[in-house]
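The values are calculated or read from the model by the stated rules, or taken from the named source; none is laboratory data. Please read these numbers as outputs of a predicted model, since none were measured by experiment. Cβ placement follows ideal geometry from the backbone for every residue including glycine, while neighbour counts extend to all protein chains displayed.
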């Protein structure tokens, strides 16, 4: 399978068309929604949905499907990337498919003033997929993966094997009935 490419690969046949050549259907806005840097409009939402459903699609094909100019699609992509709305075009990898079928969440309590050191420690553990600082019981929530339940003990030992971590509590994931998703939120934001 060929590698996935960014929809805006320079020099490709999908390179942007000159500005001012909009082919947007009548009544379709090609300007961002009012309301500041954190809003998206209906066209942004349709573009994000199209890229999520078909991540290998090029700018030219996006423009055809959305019925807008290539330059409009490229400008939207550039703006959405600059704002951090679109943060990447990389593949989504399932940890279970590469040999890590066990997922767990660990709540960590850390020593005062040790946050930066704990973050650096956790960043060096490959099985740590995410780290969030939280309120409530505990200071950090960590999503970790392992090859088996027995291997999970090894991962937990490595995670908590740092002087800045005082206590941990781990919950093993049994199933994931609503996997990470963003498109319903994109649809809602684009409709507002």
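Touching a helix residue (DSSP H, G or I) at 6+ places or on another chain (Cβ under 8 Å), assigned to a strand (DSSP E or B) and not assigned by TED's automatic domain parsing to the domain that holds residue 45: does that describe residue 104? When the stated conditions are applied, residue 104 passes them.
Mind checking whether some residue in the stretch 75-87 is modelled with pLDDT under 95, within 20 Å of the chain's Cα centre (by Cα) and at positive phi? Checked against the condition, which is being modelled with pLDDT under 95, within 20 Å of the chain's Cα centre (by Cα) and at positive phi, the stretch 75-87 yields at least one hit.
Among the residues of the stretch 145-192, those that are farther than 30 Å from residue 40 by Cβ and part of a loop (DSSP other than H, G, I, E, B) comprise 147, 148, 161, 162, 163, 164, 173, 174, 175. If you go through the stretch 144-192 and pick out every residue that is without any contact (Cβ under 8 Å) to a residue 60 or more places away in the chain and over 30 Å from residue 53 (Cα atoms), you end up with 20. Each residue in the stretch 117-132 was checked for being out of contact with any helix residue (DSSP H, G or I) (no Cβ under 8 Å at 6 or more places or on another chain), over 19 Å from residue 167 (Cβ atoms) and not in a loop (DSSP other than H, G, I, E, B), and 3 pass. For residue 87, the conditions (1) part of a loop (DSSP other than H, G, I, E, B); (2) out of contact with any helix residue (DSSP H, G or I) (no Cβ under 9 Å at 6 or more places or on another chain) are fulfilled apart from (2).
Is it the case that the stretch 110-132 has a residue that's surrounded by 14 or more Cβ atoms within 10 Å (Cβ to Cβ), within 30 Å of residue 188 (Cβ to Cβ) and either more than 18 Å from the chain's Cα centre (by Cα) or not assigned by TED's automatic domain parsing to the domain that holds residue 166 (or both)? There is no residue in the stretch 110-132 that is surrounded by 14 or more Cβ atoms within 10 Å (Cβ to Cβ), within 30 Å of residue 188 (Cβ to Cβ) and either more than 18 Å from the chain's Cα centre (by Cα) or not assigned by TED's automatic domain parsing to the domain that holds residue 166 (or both).
Examine the stretch 140-149 for a residue that is exposed (fewer than 10 other Cβ atoms within 10 Å of the Cβ) and within 21 Å of the chain's Cα centre (by Cα), and state whether such a residue exists. For the stretch 140-149, residues exposed (fewer than 10 other Cβ atoms within 10 Å of the Cβ) and within 21 Å of the chain's Cα centre (by Cα): absent. Scan 90, 99, 84 and give me the residue that is under 30 Å from residue 175 (Cβ atoms), surrounded by fewer than 14 Cβ atoms within 10 Å (Cβ to Cβ) and free of Cβ contacts under 8 Å to residues at least 60 places away in the same chain. Just a single option satisfies the conditions, and that option is 99.
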